[in-house]
1. In Å and from the alpha-carbon atoms only, list the Rg and Dmax of region A:126-241.
2. What residues qualify as long-range amide H neighbours of residue A:93, i.e. H under 5 Å apart, gap of 5 or more or another chain, H built at 1.01 Å from N?
3. Restricted to Cα positions, what overall size does region B:41-98 have along the principal axes? Three whole-Å values, descending.
4. Put a point 7 Å out from Cα along the line to Cβ at residue A:72; what are the distances to that point in the other copies, in nm, shortest first?
5. Using the Cα atoms of region A:192-241, I'd like the radius of gyration and the largest Cα-Cα distance, Dmax, both in angstrom.
6. Output ³J(HN,Hα) for region A:83-93: one whole-Hz value per residue in order, computed from phi by the Karplus curve 6.51 cos²θ - 1.76 cosθ + 1.60 with θ = phi - 60°, and x for Gly and Pro.
7. Amide H to amide H, which residues 5 or more places from residue B:203 or on other chains are under 5 Å from it, using H placed in the peptide plane?
8. Under 5 Å between amide H atoms, partner at least 5 residues away or on a different chain: which partners does residue A:160 have, H built in plane at 1.01 Å?
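All of the numbers you see were taken from the coordinates with simple rules; none came from a lab. As the structure is a computational prediction, the values presented were derived from the model and not from experiment. Using ideal geometry, Cβ is built from the backbone for each residue, glycine included, and neighbour counts are taken over all protein chains shown.
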There are 2 protein chains.
Amino acid sequence: MKKKTKDLDFPRPLTTVDLAIFTVAEDALKVLLVERPTEPGEPFPGLWALPGGFVDVDHDMDLEDCARRKLVEKTGVASLYLEQLGSWGNATRDPRDWSVTHAYFSLIAREPLKLRAGANAADARWFPIVGNTVRTRLAFDHAEILGTALQRLRSKVEYTSLPAFMVPKEFTLTELQHAYEIVLGRPLEKSAFRTRVLAAKLVEPVNKLRQGPNRPAQLFRLKNSRTPVYFARTFNPRYDK
Amino acid sequence: MKKKTKDLDFPRPLTTVDLAIFTVAEDALKVLLVERPTEPGEPFPGLWALPGGFVDVDHDMDLEDCARRKLVEKTGVASLYLEQLGSWGNATRDPRDWSVTHAYFSLIAREPLKLRAGANAADARWFPIVGNTVRTRLAFDHAEILGTALQRLRSKVEYTSLPAFMVPKEFTLTELQHAYEIVLGRPLEKSAFRTRVLAAKLVEPVNKLRQGPNRPAQLFRLKNSRTPVYFARTFNPRYDK
DNA sequence: TAAATAGTGTCTCTAAGACATTATTTG
DNA sequence: CAAATAATGTCTTAGAGACACTATTTA
């Protein structure tokens with residue numbers, strides 16, 4: 001701990017980090033939740049919550065560092081996509097004290113993926129998104145945070161390549177389109193979709209085909225797997241006069 | 001203060017709120033800065049900084065509340081546009097301790113506007129944006145925060161009505177276009193601009209004209225002065241093959 | 001050959017880009 | 001009248017929407 005001058009001697013809020021980790025699997029958008037511990041003194045025992053925990057001032061270099069650590073702890077994968085969602089802080093969200101959480105937003109491809117509950121959670125599980133939330137009551141203000149995360153995800157998917165982060169490393173254009181449609185909840189037009197994705201140079205073909213009971217499909221991979229692509233237009237802009 | 005259970009007894013970061021307040025004036029985009037106090041123990045004495053300060057756990061209901069309070073303290077205006085920009089937290093940004101700031105992003109029209117320095121600042125002043133920053137060294141990591149704010153502003157201006165919040169209550173379409181051009185740093189095509197703004201039902205005419213040494217211009221006001229409009233396309237998408 | 005999905009082509013439509021033209025005021 | 005800016009019109013173009021059509025595999 002560093003030296004403190006006298007005037008810093010006032011109450012400070014609790015500081016935590018929470019993660020909204022999304023994936024697409026079994027034709028649904030899913031979010032990763034963990035079960036709150038039931039030890040005495042723990043708030044919201046037994047309820048499901050976004051994975052997260054306290055910032056460890058002595059070990060975390062910075063907030064994003066802390067978020068990445070928790071992401072790996074929970075999923076075992078280093079997500080390609082992690083962005084800050086926002087912070088929620090007020091006097092009542094945690095019954096223990098004035099608290100602030102820094103919510104992060106992550107997209108992962110659900111490939112091997114062995115879920116680990118980790119220190120502060122009894123169990124971890126994928127919950128399908130229904131409407132703007134999940135079919136279970138969430139701890140803290142996590143329903144609100146999840147709602148904001150979904151809003152952000154859906155609005156960004158309209159003009160970015162975000163779904164490409166929720167798909168296996170090699171994928172067909174139809175599979176990518178399907179990921180878009182699941183997140184957006186509406187069908188997209190095939191030929192326009194392909195033209196756009198190829199024109200954006202978002203993907204490049206690999207020398208492999210996906211076999212099936214029909215014509216095999218060209219497999220692609222992301223050209224730049226780090227940063228998303230921003231399109232100049234949204235999909236299907238409603239021409240509502 | 002609420003009761004604390006024993007396991008909450010670990011070091012907590014300092015928690016602050018900072019504001020990037022922008023306006024358009026004298027053909028330039030400007031940001032509001034305050035001068036750091038020079039009392040002993042204060043970090044970065046005499047340097048310019050984004051206005052902000054510690055979260056007051058006993059008086060602030062929540063973070064946004066705290067941001068609004070500081071905004072009014074500094075500018076005397078309740079901005080129509082305030083959004084969260086993000087949070088910056090690490091061990092080194094404040095020499096006093098591990099600290100987290102919650103940065104907010106605000107747009108105001110520079111009408112009457114009497115700047116007030118307020119408690120923790122010797123002086124407050126508008127600085128023109130040059131490139132991605134201002135022509136003075138900033139305290140803390142505020143140069144980075146300002147850079148992120150500018151990035152967010154410029155990218156959002158491509159597909160939203162944000163500049164409408166930096167223009168007086170009544171304005172001509174040319175004035176609005178001018179605000180766009182100042183933020184974006186490039187000229188827009190007049191006829192396309194007008195068609196888009198009118199088609200979006202963003203503005204409505206008031207029964208007044210702006211007089212000048214030429215043909216007078218129709219004055220408009222925002223139709224919904226609370227929420228910005230999102231366009232389905234960006235301005236001038238670069239057709240770079 | 002039928003079934004199934006991959007992939008392309010055609011025609012229309014919306015809105016932007018470029019730029020010219022008309023409109024309305026003051027001096 | 002000239003000067004100046006407001007406001008609109010014309011023609012072209014990029015890319016989406018709708019939907020048909022062709023291609024290539026397995027059973």
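1. Answer for region A:126-241, Rg first and Dmax second: 16.1, 50 Å.
2. Here the answer is A:99, since their amide H atoms fall under 5 Å of that of residue A:93.
3. That works out to 33, 24, 23 Å along the principal axes.
4. Result, one decimal in nm: 4.6.
5. 14.5, 46
6. 9, 6, 9, x, 10, 10, x, 6, 6, 10, 5
7. Here the answer is B:223, since their amide H atoms fall under 5 Å of that of residue B:203.
8. Close amide H contacts, sequence-distant or interchain: A:231.
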